[in-house]
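The values are calculated or read from the model by the stated rules, or taken from the named source; none is laboratory data. Model, not experiment: these values are computed from the prediction. Methodologically, a virtual Cβ is constructed for each residue, glycine included, from the backbone with ideal geometry; neighbour enumeration extends over all protein chains shown.
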């Protein structure tokens, strides 16, 4: 944004509100990081907060730049797509690494997922049990 750029009054307030709400949502997610007691619970808050905060910042950016340049500006969507793809993948990789480490150390971890067989309504053996 340049010093000479002005937006309509309603747009300034809308962009400001979107940015404030994005900051509050991200803050709430960060408080979840501090409040929850174990690693697996702590992962949820910041991930959800950053994803929703990202969406609100993206909307504010699109609105501000589209109105200032008098055309639709979607550069923020590209950044949002990359972040939306990487945030869940990074979270999953961190969870798997922590789960692996905690299982090797013999710590209490969430139960291992065992898929159900739809036909027999019985638990299917895992790869380790099948051999």
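Computed values, structure above
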{"read-out": "Inter-residue pairs, beta-carbon under 6 Å, first touching a residue at least 40 places away in the same chain (Cβ under 8 Å) and in the stretch 11-23, second part of a helix (DSSP H, G or I) and surrounded by 13 or more Cβ atoms within 10 Å (Cβ to Cβ), 6+ apart", "value": "11/67; 15/60; 15/63; 15/64; 18/56; 18/59; 18/60; 19/60"}
{"read-out": "Flag if residue 75 is on the phi > 0 side of the Ramachandran plot and modelled with pLDDT of 85 or more", "value": "no"}
{"read-out": "Condition check for residue 35: surrounded by 13 or more Cβ atoms within 10 Å (Cβ to Cβ) and touching a helix residue (DSSP H, G or I) at 6+ places or on another chain (Cβ under 9 Å)", "value": "no"}
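For (1) modelled with pLDDT of 85 or more; (2) touching a helix residue (DSSP H, G or I) at 6+ places or on another chain (Cβ under 8 Å); (3) surrounded by fewer than 16 Cβ atoms within 10 Å (Cβ to Cβ), each residue gets a yes or a no:
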{"residue": "27", "(1), (2), (3)": "yes, yes, yes"}
{"residue": "46", "(1), (2), (3)": "no, yes, no"}
{"residue": "53", "(1), (2), (3)": "yes, yes, no"}
{"residue": "62", "(1), (2), (3)": "yes, yes, no"}
{"residue": "87", "(1), (2), (3)": "no, yes, no"}
{"residue": "113", "(1), (2), (3)": "no, no, yes"}
